[in-house]
Amino acid sequence: MKQILITGGAGFIGSHLADELLGKGYRIRVLDNLSSQVHGPDRKVPPYLNPEVDLIVEDIRNADAVRKALRGVDAVYHLVAIVGVGQSMYELARYTSVNNYGTAILLEALIEQPVERLVVASSMSVYGEGLYQGPDGSTHSNIERTLDQLRRNDWELHGPKGDLLKPVATPEWKTPSLESLYALSKYDQERMCLMIGRAYNIPTVGMRFFNAFGPNQALSNPYTGVLAIFASRLLNNKAPLIFEDGQQLRDFVSVHDVARACRLAMEVPQAAGKVFNVGSGSQYTVSEIARKMAQVLGKRIEPEITGKYRVGDIRHCFPDIAQARNVLGYAPEVGLEDGLVDLAAWLDGQIAFDRSSEMREELASRGLVVG
Ligand SMILES: NC(=O)c1ccc[n+]([C@@H]2O[C@H](COP(=O)([O-])OP(=O)(O)OC[C@H]3O[C@@H](n4cnc5c(N)ncnc54)[C@H](O)[C@@H]3O)[C@@H](O)[C@H]2O)c1
């Protein structure tokens with residue numbers, strides 16, 4: 001029976017991954033500092049964490065603790081990160097310290113105690129804007145919107161001649177375009193792990209998660225996933241607040257599918273050295289998602305379209321998951337409707353403090369929300 005270490009394993013994705021791996025007979029150790037932003041001011045062990053997990057409450061930057069956590073370990077999932085895009089644009093030192101430096105500490109320990117496989121959580125955010133196509137079939141992979149156009153509420157992407165571009169599925173080969181410190185730190189985590197993995201013969205896999213959703217996502221963390229934010233607004237009988245015009249396209253993937261993809265990344269030998277998009281393969285607008293969430297929660301509340309824009313936000317990005325299908329044998333099993341019902345069942349009985357207004361004020365006071 002193999003011993004696995006999951007850093008950040010008390011969090012949303014890590015807790016599901018622990019369940020998935022325990023179900024397949026692996027032994028699971030978790031290193032997680034139960035950070036207050038995710039786990040609340042008391043930093044209690046979350047009730048959803050599987051009791052069979054061997055939990056070490058330590059910081060990823062504590063080299064001694066990391067070395068101890070690695071003893072007898074066959075494979076490592078590195079999931080520790082602070083995860084707020086907007087927040088990363090002003091808490092520069094904290095993001096760089098936990099995400100980048102924390103990864104360096106883990107890798108130094110892995111050089112001393114190599115493992116059979118390292119899987120690192122990367123993110124769709126490394127792409128910035130997704131891939132686009134012009135009316136003549138040309139591909140556009142490194143484009144951005146100007147602040148000027150956003151001030152005019154001109155939300156879509158335009159080609160060099162001003163043509164409207166159409167978003168298409170983004171494959172792993174698209175050039176990264178790092179629009180936030182969070183994205184930069186995720187790319188750094190991914191590249192550092194692949195680079196050091198190659199140099200020291202530790203087969204490494206990067207997993208670029210799209211918007212994961214499901215039970216256990218920190219509802220009161222205003223920097224977390226969009227569905228958890230909408231859910232906590234709705235549970236407080238408030239309208240979900242949507243930036244721009246709500247027509248942004250995203251891929252929402254059930255956390256159960258994410259957990260399965262992660263298991264495959266460890267088990268499939270051919271995955272070594274590669275990065276994979278992990279999504280559902282379907283895309284929805286942010287407005288559609290807010291409406292569907294309200295429906296599932298039985299709330300007749302329409303989302304509020306604010307017309308505001310967040311610095312660092314992108315317009316459309318959804319993945320091409322062919323590589324994960326072909327190499328990992330990954331196939332998403334949970335559709336959006338079933339996933340939302342699963343989320344709603346968990347939400348029933350959860351207390352969600354809606355702190356999203358605080359987050360918006362914080363960003364606005366720094367000029368990071370425009371409009
Ligand atoms: N949830 C998503 O949709 C999504 C999308 C793309 C990428 N990711 C990536 O997946 C990973 C997991 O995301 P999640 O949604 O489960 O986040 P999460 O916030 O629920 O979990 C992160 C865990 O890391 C722990 N942690 C934070 N700082 C730490 C430190 N200094 N030392 C030790 N532990 C620390 C937290 O206590 C938390 O339990 C992250 O690397 C994130 O960047 C997530």
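What follows draws every value from the coordinates through simple rules; no lab data is involved. Bear in mind the structure is a predicted one, so any value in this text is a computation, not a measurement. Cβ coordinates were reconstructed from backbone atoms using ideal geometry, including for glycine residues, and neighbour counts include every protein chain displayed.
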Net charge near A290 (other residues with Cβ under 12 Å of its Cβ; Lys, Arg +1; Asp, Glu -1) is +3
On the formula 1/(1 + (r/R0)^6), with r taken between the Cβ atoms of Y48 and E156 and R0 of 45 Å, the FRET efficiency rounded to 0.05 is 0.70
Stretched fully, the stretch from Q149 through E267 gains (0.36 nm per residue minus C-alpha distance, one decimal, in nm) 37.8 nm
From the Cα centre of the stretch 234-252 to that of the stretch 75-124, the distance in Å is 29 Å
A chain fully extended from D245 to A344 at 0.36 nm per residue, minus the present Cα-Cα distance, gains in nm 33.1 nm
Subtracting the Cα-Cα distance of V57 and D163 from 0.36 nm times their residue separation yields 32.9 nm
Within the stretch 1-103, DSSP-loop GluC sites (Glu not before Pro) with at most 11 other C-beta atoms within 10 Å are E52
Expressed in nanometres to one decimal, the distance between label points 7 Å along Cα→Cβ at Q295 and Q3 is 4.9 nm
In nm², the average projected area of the convex hull spanned by the Cα atoms of the chain is 17.5 nm²
Check: C-alpha center the stretch 143-216 vs C-alpha center the stretch 312-328, spacing in Å is 10 Å
quick note, the chain, DSSP beta bridge pairs, % antiparallel (nearest 5) is 25 percent
Eigenvalues of the alpha-carbon gyration tensor of the stretch 83-179, times 5 and square-rooted, give semi-axes in Å, largest first, of 35, 19, 8
Rh_Kirkwood(the stretch 167-241) over Cα pairs, Å, one decimal, evaluates to 15.3 Å
The relative contact order of the stretch 1-137, taking Cα pairs under 8 Å that sit 6 or more residues apart, comes to a percentage of 26 percent
